Amino acid sequence: YHVSRMKKDLAIIIGLFLFIVVLMVFGRSYTSMSFVNQSTPSASSSKKLSGNVAVSVRNLNIDAQIAAKASDRKKRLGGRDTLALNQGLLFVFDTKGLYVFWMKDMKFAIDIIWIDENKRIVDILVSVPPEPKKSDGQLIRYKPRSEALYVLETNAGIASLNGLQIGDQVNFSL
């Protein structure tokens, strides 16, 4: 009886492991996001960053598209129907501030992670829900607890799944 139960438990563990691997490899989530900047950064972006950057924190590794120019930040993930499980968007601002985001035209939930100039997480919102069919005035504005220089958006639930917490060190090089 004991050996039979161990085999059953082992089969369940292997099944769960395979399920997680399949989700990580083939999982898709959908995202599109707008942000509203209620701080007063410089009028023109001095950073000429583009492309992607590897972002890591704890066990999480994200291939993040860089949005450093105002035009890139406005475009956000617009036009995309999916975001792979290991992808995200890293907003890079000229100055730190209380960057407020909203879910305008958003169809799916995402995580929003605010990061300070020392690359430490200062706030996290997990699984921020979409608000379809709401006017701009009805949309909830999501404001961080502290000023940030960067904001990372990922698929919903990624922050919880990886145990991210305020104060965690985020690693990336621009």
Selection from the stretch 111-142 of residues open to solvent by 30 Å² or more (accessible area, probe 1.4 Å) and assigned to a loop (DSSP other than H, G, I, E, B) yields GLU117, ASN118, LYS119, PRO129, PRO130, PRO132, LYS133, LYS134, SER135, ILE140, ARG141
I want to confirm something. Restricting to the stretch 143-174 and keeping residues that are of a type in the set (S, T, N, Q), closer than 14 Å to ASP111 by Cα and open to solvent by 60 Å² or more (accessible area, probe 1.4 Å), which single residue is farthest from the chain's Cα centre (by Cα)?
GLN165
Go through the stretch 96-113 and give me each residue that's farther than 13 Å from VAL151 by Cβ and among the β-branched types (Val, Ile, Thr).
none
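Report yes if some residue within the stretch 146-159 is over 19 Å from ALA64 (Cβ atoms) and out of contact with any helix residue (DSSP H, G or I) (no Cβ under 7 Å at 6 or more places or on another chain); otherwise report no. Break it down stepwise before answering.
First pass over the stretch 146-159, keeping only residues over 19 Å from ALA64 (Cβ atoms): 146-147.
Among the residues that remain, those that are also out of contact with any helix residue (DSSP H, G or I) (no Cβ under 7 Å at 6 or more places or on another chain) are: 146-147.
Yes, that holds for at least one residue.
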Within the stretch 42-75, residues being part of a loop (DSSP other than H, G, I, E, B), modelled with pLDDT of 65 or more, open to solvent by less than 50 Å² (accessible area, probe 1.4 Å) and not hydrophobic (A, V, I, L, M, F, W, C) number 1
Qualifying positions in the stretch 99-110 - modelled with pLDDT of 90 or more and surrounded by fewer than 23 Cβ atoms within 10 Å (Cβ to Cβ):
VAL100
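The values are calculated or read from the model by the stated rules, or taken from the named source; none is laboratory data. Since the structure is predicted, the reported quantities are computational estimates derived from the model, not experimental observations. All Cβ positions, even for glycine, are placed from backbone atoms using ideal geometry, and neighbour counts span all protein chains on display. Calculation scope for accessible area: heavy atoms of the full protein, side chains included, ligands and nucleic acids excluded. Shrake-Rupley method; radii C 1.70, N 1.55, O 1.52, S 1.80 Å.
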